[in-house]
Amino acid sequence: MMNLLPTFVAAPLGAAFLMLLVSRISRKLADLLGNLCTFYLLAAAVALYFLRAPFQVVTYQMGGWAAPIGINLVLDGLSQFLLLTVNLIAFLATLYSISYMERYTAKDKYYTLFMLMVAGMNGVVLTGDFFNLYVFLEIAAVASYALVAFGTEAEELEASFKYLILGTVASTFILFAIAVIYGLTGTLNMADAALAFPQGAAVARAFIITLFIMGFGMKSAMVPFHAWLPDAHPSAPAPISAMLSGVLIKALGVYAVVRILYNVLGMTPQLSYMLMVLGAVSMLVGVLLAIGQWDLKRLLAYHSISQIGYVILGIGLATPLGIMGGLFHLFNHALFKSLLFLNAGAIEYTIGTRDLKQMGGLSRKMPVTAATSLFASMSIAGIPPFNGFWSKLFIIIACVQAGRLWFALAAVIGSLLTLASFLKFQKYAFFEKIKQGFEGIKDVPLAMAFSMLALALLCLGIGIAYPYAAEYLVNPAVVAVGRGLGYSKTVLGGF
Amino acid sequence: MFVYLSCVVLLLIGLYCVAVKKNLVKIIIGVAIMEYAVNLFLVVLGYRHGGTAPIIQAGLKDPLFVDPLPQALVLTAIVIGLATTAMMVAIAMRIYDRYGTFDVTKIRKLKG
């Protein structure tokens, strides 16, 4: 199993470069290679759940050098959970791309960038080394900048430039924080740095945390740092929007914040309160901005900010139930938000617009899209028995248990506003009378429909089987986060 | 300490440039200044007063080396910086093709 770990980075990286060679022979081969690679990654991520003994920490020494000197890959519950999320969405997005990306010219280059992004995300999630984290983060980020600008229309270039500048500034802050950590501890290994961190250096610690929150906050689009997201996510092609909103902001932003604050620097009550405030503000501001939107993908992008707020609020509570709710919501959000972006892509693919005012009556002509988007809308709005309901409920109960009633109230209000916003989407897009000119449309091709159906069934299935999902899927991650500073010993000790 | 603080000042100059300047090319220069500030900070971290290049030679007793690790990091960071700068310049050129200007106040098709 140990030898499986580097293939999460090596397989997509290799596929990325093979893609350009293979696509010379045939475009079909590029499709095949892309899908085979992501299918392998998904299978490997699922297999890890069966191979890894419960709560075990597996490490892989790169090049055979032992941990504090060499770079190690660390697989614990949290990494495993994120690996499954990333590769599940990646597989369904590549499957969807087969038909969807026919509209664009350079499909091979699209797959190359896609694979580089997946390699970067898998690397970020697996690595146990700060500088390695920075390098993988930049691989994923640079690929995503290029993918946002993929259509090269005026708006897409503008959005990409904005994203690029803010993303690079964020990365610079992150590198600066890593440099300060190296200066203080003399090591770049996360586990080793946690052990070697000097006790008295309160000012330096606060400085490092500020830099990390600015950097990763920008990557995960928490509210004061969110300005790029509503431009960048809608501009990308639909499967990429699904990847960006579904997993990129989590793997690069939320995961890194959780790993560093909980396992390396150590959680304090002040930090916990700061995260909760950031989460609650994102939750409310995101949803309030979403209500007035008429561009479907832009509306969904604002909801991503709001839903990330829920995740941050849950994780910031720092109680086991809160962390459970936050991480569970992270997974659920990956499912339903990717599905919604794929739905938006299907509508745009069929009728050529994303403006809600020009849609209407699509449910009769596009039954698969209409049904799956109804599932996803109910999940995101928190209607039982869909998955979004349970994770939001966990977060609200955890807030009440921790005595944070105002935060619980904010979460409820955010949820109601989300419901209102998705009623609007359903009403304008699928109900009412069909508009003129749309009588002849057909639903999307098979591969696209399959991706959407798979995600919709997962939303429903996880909602119904939520106790099992919480126990077997999310709980190992909660245990890994809850280990706190004990992370160092388990990583360096080998078990 | 003075050297470290001067790196921070350089970083803030870059940040000011990114935040205030209206021209796309000047914004790119601002980002580059920020990257250089962090690279300089890393190199300064590894410096030891009176240290020599970290090469082990026969007959050298108790040598004082500068820390080689930050230098390796800076090399990597420069390569990454090159990739992002190339990306920024490429997109700025395409924006110029579409909008006919480098002025950010005139590049405003996105709103909301």
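Of the set (1) hydrophobic (A, V, I, L, M, F, W, C); (2) more than 12 Å from chain B (Cβ to nearest Cβ); (3) surrounded by fewer than 21 Cβ atoms within 10 Å (Cβ to Cβ), all apply to A:Ile98 but (3).
From B:Leu110, B:Leu69, B:Leu82, B:Leu73, grab the single residue that is of a type in the set (A, V, I, L, M, F, W, C), open to solvent by 30 Å² or more (accessible area, probe 1.4 Å) and facing another protein chain (nearest Cβ under 7 Å). Show your work before the answer.
On the way: B:Leu69 fails: facing another protein chain (nearest Cβ under 7 Å); B:Leu82 fails: facing another protein chain (nearest Cβ under 7 Å); B:Leu73 fails: open to solvent by 30 Å² or more (accessible area, probe 1.4 Å).
Of B:Leu110, B:Leu69, B:Leu82, B:Leu73, the one residue that is of a type in the set (A, V, I, L, M, F, W, C), open to solvent by 30 Å² or more (accessible area, probe 1.4 Å) and facing another protein chain (nearest Cβ under 7 Å) is B:Leu110.
Only residues that are part of a loop (DSSP other than H, G, I, E, B) and either of a type in the set (A, V, I, L, M) or touching a His at 6+ places or on another chain (Cβ under 8 Å) (or both) were counted in the range A:148-158, giving 1.
Could you tell me whether any residue of the range A:461-480 is touching a Lys or Arg at 6+ places or on another chain (Cβ under 7 Å) and surrounded by 16 or more Cβ atoms within 10 Å (Cβ to Cβ)? So that I can check it myself, show each step before the final result.
Taking the range A:461-480 first, the residues touching a Lys or Arg at 6+ places or on another chain (Cβ under 7 Å) are none.
Within the range A:461-480, none of the residues are touching a Lys or Arg at 6+ places or on another chain (Cβ under 7 Å) and surrounded by 16 or more Cβ atoms within 10 Å (Cβ to Cβ).
Scanning the range A:446-481 for residues that are without any contact (Cβ under 8 Å) to a residue 40 or more places away in the chain and not aliphatic (A, V, I, L, M) returns A:Gly461, A:Pro467, A:Tyr468, A:Glu471. Applying the criterion of being free of Cβ contacts under 8 Å to residues at least 24 places away in the same chain and of a type in the set (Gly, Ala, Ser) to the residues of the range B:53-86, the residue that is nearest to A:Leu137 (Cα to Cα) is B:Ala83. Taking A:Leu157 and the conditions (1) within 30 Å of A:Leu21 (Cβ to Cβ); (2) open to solvent by 10 Å² or more (accessible area, probe 1.4 Å); (3) at pLDDT below 95; (4) within 14 Å of another protein chain (Cβ to nearest Cβ), which numbered condition does it fall short on, given that it satisfies the others? Result: A:Leu157 fails condition (2) only.
Selection within the range A:166-179: residues that are more than 20 Å from A:Ala143 (Cβ to Cβ) and facing another protein chain (nearest Cβ under 8 Å). The member of this set that is surrounded by the most Cβ atoms within 10 Å (Cβ to Cβ) is A:Ala179.
Filter the range A:1-39 down to the residues that are β-branched (Val, Ile, Thr) and more than 16 Å from A:Val118 (Cα to Cα), then identify the one that is least open to solvent (accessible area, probe 1.4 Å). Checking each candidate, the answer is A:Val22. The helices (runs of 4 or more DSSP H) found wholly in the range A:230-307 and carrying at least 3 residues that are open to solvent by 10 Å² or more (accessible area, probe 1.4 Å) occupy A:269-291.
Yes or no: B:Leu24 open to solvent by less than 20 Å² (accessible area, probe 1.4 Å), of a type in the set (A, V, I, L, M) and farther than 21 Å from A:Phe173 by Cβ? Outline the logic, then answer.
Working: open to solvent by less than 20 Å² (accessible area, probe 1.4 Å): yes; of a type in the set (A, V, I, L, M): yes; farther than 21 Å from A:Phe173 by Cβ: yes.
It is true that B:Leu24 is open to solvent by less than 20 Å² (accessible area, probe 1.4 Å), of a type in the set (A, V, I, L, M) and farther than 21 Å from A:Phe173 by Cβ.
Going by the conditions given, is A:Phe331 under 30 Å from A:Asn189 (Cβ atoms), aromatic (Phe, Trp, Tyr) and away from every other protein chain (no Cβ under 14 Å)? Here the answer is yes, as A:Phe331 does meet what is asked. At the interface with another protein chain (Cβ under 9 Å from one of its Cβ atoms) and either over 30 Å from A:Asn189 (Cβ atoms) or loosely packed, with under 13 Cβ neighbours inside 10 Å (or both) - does that describe any residue in the range B:33-48? Within the range B:33-48 (the criterion being at the interface with another protein chain (Cβ under 9 Å from one of its Cβ atoms) and either over 30 Å from A:Asn189 (Cβ atoms) or loosely packed, with under 13 Cβ neighbours inside 10 Å (or both)), the answer is no, since none of the residues qualifies.
Comparison of A:Thr59, A:Thr38 shows that the only residue that is touching a Gly at 6+ places or on another chain (Cβ under 9 Å) and of a type in the set (S, T, N, Q) is A:Thr59. Of the numbered criteria (1) open to solvent by 10 Å² or more (accessible area, probe 1.4 Å); (2) more than 12 Å from chain B (Cβ to nearest Cβ), the one A:Val118 fails is (1). Residue-level analysis places A:Val135 among those that are facing another protein chain (nearest Cβ under 8 Å), within 21 Å of A:Val257 (Cβ to Cβ) and open to solvent by 10 Å² or more (accessible area, probe 1.4 Å).
Residues that are within 14 Å of chain B (Cβ to nearest Cβ) and more than 27 Å from the chain's Cα centre (by Cα) within the range A:185-200 comprise A:Thr185, A:Gly186, A:Thr187, A:Asp192, listed in sequence order. From the list A:Ile413, A:Ile380, A:Ile397, the lone residue that is more than 24 Å from A:Ala470 (Cα to Cα) and of a type in the set (Val, Ile, Thr) is A:Ile413. Of the residues making up the range A:409-444, those that are over 26 Å from the mean Cα position of the chain (by Cα) and either within 21 Å of A:Trp390 (Cβ to Cβ) or open to solvent by 50 Å² or more (accessible area, probe 1.4 Å) (or both) are A:Lys427, A:Tyr428, A:Phe431, A:Glu432, A:Lys433, A:Ile434, A:Lys435, A:Gln436, A:Gly437, A:Glu439, A:Gly440, A:Lys442. The C-beta contact set for the range A:286-306 (first residue closer than 16 Å to A:Met222 by Cα, second residue modelled with pLDDT of 90 or more and of a type in the set (Val, Ile, Thr), distance under 6 angstrom, 6+ apart or interchain) comprises A:Gly286/A:Ile305; A:Val287/A:Thr418; A:Ser306/A:Val287. The helices (runs of 4 or more DSSP H) located wholly in the range A:342-451 that include 1 or more residues which are modelled with pLDDT of 90 or more occupy A:367-381, A:387-401, A:405-430. Of all the criteria given as (1) in contact with a Cys (Cβ under 9 Å, 6 or more places away or on another chain); (2) facing chain A (nearest Cβ under 9 Å); (3) open to solvent by 70 Å² or more (accessible area, probe 1.4 Å), the one not satisfied by B:Arg94 is (1). Of all residues in the range A:102-120, those being touching an Asp or Glu at 6+ places or on another chain (Cβ under 9 Å) and under 10 Å from A:Ala15 (Cα atoms) number 1.
Looking at A:Tyr145, A:Tyr163, A:Tyr182, which is the one that is more than 8 Å from chain B (Cβ to nearest Cβ) and either of a type outside the set (S, T, N, Q) or assigned to a helix (DSSP H, G or I) (or both)? Full working, then the answer.
Numbers: A:Tyr145 fails: more than 8 Å from chain B (Cβ to nearest Cβ); A:Tyr182 fails: more than 8 Å from chain B (Cβ to nearest Cβ).
The match here is A:Tyr163.
The values are calculated or read from the model by the stated rules, or taken from the named source; none is laboratory data. Since the structure is predicted, the reported quantities are computational estimates derived from the model, not experimental observations. Note that we place each Cβ from the backbone using ideal geometry, even for glycine, and neighbour counts take in every protein chain shown. SASA here: full protein model, heavy atoms, side chains in, ligands and nucleic acids out. Shrake-Rupley method; radii C 1.70, N 1.55, O 1.52, S 1.80 Å.
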